[in-house]
Amino acid sequence: MIYNVRTQDGWDRAQVCSKGDHTNFGSLTRLFPQLVAGLQIRAPEGHWEYVRPAEGVITCNTADTLSFPTKIHRVVTPPKD
């Protein structure tokens, strides 16, 4: 990947927070292994932890998609024609 050199002013502004805390609705975010990490999750205790991509692994954030219970469902043999 190619990264643009950030100016000191850019670093100062980025230290605040690039994107405030939020949840994503109806999307799937994939985090590929790379040399820099910027994604953080809030731990149950309330502090923030970095999500460190592991080599050979794609980390997936399913957003709010899985926050609702699924309907009870089943798979059956289709009826004869």
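Things worth noting here:
- Answer residue from region 45-81, given it is among the hydrophobic types (A, V, I, L, M, F, W, C), assigned to a loop (DSSP other than H, G, I, E, B) and within 20 Å of His22 (Cα to Cα) and is modelled with the lowest pLDDT among those: Phe68
- On the stretch given as region 24-44, residues that are at pLDDT 75 or above, exposed (fewer than 10 other Cβ atoms within 10 Å of the Cβ) and touching a Ser or Thr at 6+ places or on another chain (Cβ under 9 Å) total 2.
- Of all residue pairs spaced 6 or more apart or on separate chains, those with beta-carbon atoms under 7 Å, a first member in region 28-51 that is within 22 Å of Leu66 (Cα to Cα) and of a type in the set (D, E, K, R) and a second member that is assigned to a strand (DSSP E or B) and at pLDDT 80 or above are Arg30/Cys60; Arg42/Trp48; Glu49/Gln40; Glu49/Ile41.
The values are calculated or read from the model by the stated rules, or taken from the named source; none is laboratory data. None of the values given here were measured: they were computed from a predicted structure. With ideal geometry, Cβ positions are generated from the backbone for all residues, glycine too; neighbour counts draw on all protein chains shown.
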